[in-house]
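If you scroll down you'll find the structure; I have some questions about it.
The values are calculated or read from the model by the stated rules, or taken from the named source; none is laboratory data. Bear in mind that the values here come from a model prediction, so they are computed numbers and not experimental data. With ideal geometry, Cβ positions are generated from the backbone for all residues, glycine too; neighbour counts draw on all protein chains shown. Heavy atoms of the whole protein, side chains included, go into the accessibility calculation; ligands, DNA and RNA do not. Shrake-Rupley method; radii C 1.70, N 1.55, O 1.52, S 1.80 Å.
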Amino acid sequence: MTVRLIPYLVMDGNAKEAIQFYEKALDAQILFSQSFGEMPENPEFPLPPEAKDRISHATIKVGETEVMLSDTFAGQPHQIGTQVTICISTNDAEKSKKFFEALTEDGQVGMPLQETFFSPAYGIVTDKFGVTFQIFTEGRH
């Protein structure tokens, strides 16, 4: 089992610009980048045109450290000061569940831990200290 803590930057429609900036300023290498428009379509939640070019998820590498980025979904609130979260990444769904449940104590669930198209167990929780964690499980789903 592996566990990593990864800084996660949440942008307000300018993630592409930020990625390009970090490429130049920090010699960052783009490991992955996907827009909302490149994600599988969900007929229950049609994608508005203004969301298609926003980044749904990207990973860059700066030196030995990975940094993840995404844009907020079009229309979601974005507040300076909440754009940095910590992504806890593991390849063990039971460990993800343990972390998620522990962090919910006196905290607030932003997205319940659940299977998604990109992870067998993913959720968002803000702990009692106001730190937001994304719990991401690597592997098949």
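Quick check on my filter: what residues within region 1-45 are part of a loop (DSSP other than H, G, I, E, B) and without any contact (Cβ under 8 Å) to a residue 40 or more places away in the chain?
Going through region 1-45, the residues part of a loop (DSSP other than H, G, I, E, B) turn out to be 1-2, 12-14, 27-28, 39-45.
If the condition is that a residue be part of a loop (DSSP other than H, G, I, E, B) and without any contact (Cβ under 8 Å) to a residue 40 or more places away in the chain, then Asp27, Ala28, Glu41, Asn42, Pro43, Glu44, Phe45 are the ones that fit.
Determine if region 82-94 includes at least one residue that is open to solvent by less than 20 Å² (accessible area, probe 1.4 Å) and either over 26 Å from Ile30 (Cα atoms) or more than 12 Å from the chain's Cα centre (by Cα) (or both).
First pass over region 82-94, keeping only residues open to solvent by less than 20 Å² (accessible area, probe 1.4 Å): 85, 87-90.
From what's left, either over 26 Å from Ile30 (Cα atoms) or more than 12 Å from the chain's Cα centre (by Cα) (or both): 90.
There is at least one residue in region 82-94 that is open to solvent by less than 20 Å² (accessible area, probe 1.4 Å) and either over 26 Å from Ile30 (Cα atoms) or more than 12 Å from the chain's Cα centre (by Cα) (or both).
May I ask you to list the residues in region 23-45 that are more than 12 Å from Asp71 (Cβ to Cβ), in contact with a strand residue (DSSP E or B) (Cβ under 6 Å, 6 or more places away or on another chain) and not polar (S, T, N, Q)?
Within region 23-45, the subset more than 12 Å from Asp71 (Cβ to Cβ) is 23-32, 38-45.
Applying the additional criterion that residues be in contact with a strand residue (DSSP E or B) (Cβ under 6 Å, 6 or more places away or on another chain) yields 26, 28-32, 39.
Across region 23-45, the qualifying residues are Leu26, Ala28, Ile30, Leu31, Phe32, Met39.
Something else: Go through (1) touching a Lys or Arg at 6+ places or on another chain (Cβ under 7 Å); (2) not in a strand (DSSP E or B) for Pro77 and report which single condition fails.
Here Pro77 meets the rest and fails (1).
Right, next: Tell me which of these Lys98 doesn't satisfy, since it passes every other one: (1) open to solvent by 50 Å² or more (accessible area, probe 1.4 Å); (2) in contact with a Lys or Arg (Cβ under 8 Å, 6 or more places away or on another chain); (3) closer than 19 Å to Glu138 by Cβ.
(2)
Show the residue pairs meeting these rules: Cβ distance below 7 Å; 6+ apart or different chains; first residue within region 55-79 and open to solvent by 20 Å² or more (accessible area, probe 1.4 Å); second residue of a type in the set (Val, Ile, Thr) and in a loop (DSSP other than H, G, I, E, B).
From region 55-79, the pairs are His78/Thr72.
Sticking with this one: Take region 1-36 and flag every residue that is open to solvent by less than 90 Å² (accessible area, probe 1.4 Å) and over 22 Å from Phe136 (Cα atoms).
Within region 1-36, Gly13, Asn14, Ala18, Tyr22, Glu23, Ala25, Leu26, Ala28 qualify.
Sticking with this structure for a sec: In region 86-124, which residues are within 23 Å of Leu47 (Cβ to Cβ) and not hydrophobic (A, V, I, L, M, F, W, C)? It would help to see each step written out before you state the result.
Here is the first cut: in region 86-124, the ones within 23 Å of Leu47 (Cβ to Cβ) are 110-112, 114-119, 122-124.
Selection gives Gly110, Pro112, Gln114, Glu115, Thr116, Ser119, Tyr122, Gly123.
For region 114-141, give me the residue count where each residue is of a type in the set (Val, Ile, Thr), in a loop (DSSP other than H, G, I, E, B) and crowded, with 16+ Cβ neighbours inside 10 Å.
First, the residues of region 114-141 that are of a type in the set (Val, Ile, Thr): 116, 124-126, 131-132, 135, 137.
In the following step, the residues that additionally are in a loop (DSSP other than H, G, I, E, B) were identified as 116, 131.
Okay, now just the ones that are also crowded, with 16+ Cβ neighbours inside 10 Å, so none.
The number of residues fulfilling the criteria is 0.
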